[in-house]
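Every read-out reported here was derived from the displayed coordinates using simple, explicitly stated rules and does not represent laboratory data. Just so it is clear, the structure is predicted and the values come from calculations on it, not from any experiment. With ideal geometry, Cβ positions are generated from the backbone for all residues, glycine too; neighbour counts draw on all protein chains shown.
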Amino acid sequence: MVCHCLLKGFNLAVFREMTLASREMPLKHLKCHLLKDIEYGAEDLTILGNGLAFISTGLKYPGMPSFSDDPGKIYMLDLLDPNPKPTAVELQIKGQLDLNSFNPHGISVYTDDADSSIYLFVVNHPHHGSQVEIFQFVEENTLLHLKTISHPLLHSVNDIVAVGVESFYATNDHSFPNDVLHTLTILLGVPWCTVVYYSPEEVRVAANELCCIHNITYSMSYWYISVFMK
Ligand SMILES: [Ca+2]
């Protein structure tokens, strides 16, 4: 019994270490400061190779507290700014997108090797719906809305990772768009969340039987897609 308990304790310690459940942070080396104006629901960020980071803010999500009625926004922050307290800049959005219902969630940036054009993919939940917006970063502080993508398989998108000018992988954090059915799958312990691949030529479930998935990203080589669960 003692050995069993010790083994259980050891496994728990290893498990906590592996999952980074808790760890000591060297606070004296951190230089943190609050980025003003984006404290209302900053949800995701994606970083270009030159250190410019896009940040999605103002998410309103069922069951989650919302601290502002303003529509969502996209900010940009230069992570290599030598200023010890850099400020985030709100990006102007041009095009046909309804900004009053803009509700950005996961985001991902993609650079086209052919002409170095920069595209920002944004999960959007207007009126609690689920769709993906593709923008082109056209000027210093401007996003041009190019396209809205919606599809029955993209019913509860949380995060996204762009792998081409019009292609991406996305996580559905609900098994069903219907909250009652989704809650039922949680109570029954049924892992029915999915990862969906989208391109203009093909839309398919890339992975299924997953539970409580949220963030998604890729390795620098693009050979592996990683999905994170909560
Ligand atoms: Ca993300």
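Listed by chain and number, the aspartates and glutamates placed with their C-alpha closer than 18 angstrom to that of K60 are D37, E39, E43, D44, D69, D70, D98, E133, D159, D173, D179; residues fewer than eight positions away on the same chain are left out.
Using a cut-off of 19 Å between Cα atoms, the listed pairs K94/K147; K36/K94; K73/K94; K36/K147 include K36/K94; K36/K147 as exceeding that distance.
Residue by residue, the range 126-132 carries 3J(HN,Hα) couplings of x, 6, 6, x, 8, 8, 10 Hz when phi is fed to the Karplus relation 6.51 cos²θ - 1.76 cosθ + 1.60 (θ = phi - 60°); x denotes Gly or Pro. Across the range 78-197, Cα-Cα pairs farther apart than 24 Å form 37% of the total.
Per-residue Karplus couplings for the range 39-49, computed as 6.51 cos²θ - 1.76 cosθ + 1.60 with θ equal to phi - 60°, are listed in order as 7, 8, x, 4, 10, 8, 9, 9, 10, 7, x Hz, Gly and Pro entered as x. Computed packing ranks the peptides 60-70, 84-94 as 84-94, 60-70, most packed first, by mean other Cβ atoms within 10 Å.
Charged neighbours of D70, selected by a Cβ distance under 14 Å, balance to -2 (K, R count +1; D, E count -1). Just check the range 35-148 against the gyration tensor rule for me: Cα atoms, a ≥ b ≥ c as the square roots of the eigenvalues, rounded for a/c under 1.5, and otherwise prolate or oblate depending on whether a/b exceeds b/c. Oblate is the answer for the range 35-148, as a/c is 1.5 or above yet b/c matches or exceeds a/b.
So, R0 is 30 Å and r is the distance between the beta-carbons of S66 and K31; what FRET efficiency does that work out to, to 0.05? It comes to 0.50. Which residues among the range 100-143 fall inside the zone where the amide N is under 12 Å from a point 7 Å beyond the Cα of V203, along Cα→Cβ? So the set is 130-132. Close amide-amide hydrogen proximity is noted between L52 and L79, each under 5 Å apart and 5 or more residues distant or on a separate chain (H modeled in the peptide plane; Pro and chain starts excluded). Near T194, the amide H atoms lying under 5 Å from its own belong to N172; only residues 5 or more places off or on other chains count, and H is placed 1.01 Å from N. Projecting label points 7 angstrom from Cα along Cα→Cβ for H151 and D98 puts them 2.3 nm apart. Near L91, the amide H atoms lying under 5 Å from its own belong to I74, Y75, M76; only residues 5 or more places off or on other chains count, and H is placed 1.01 Å from N.
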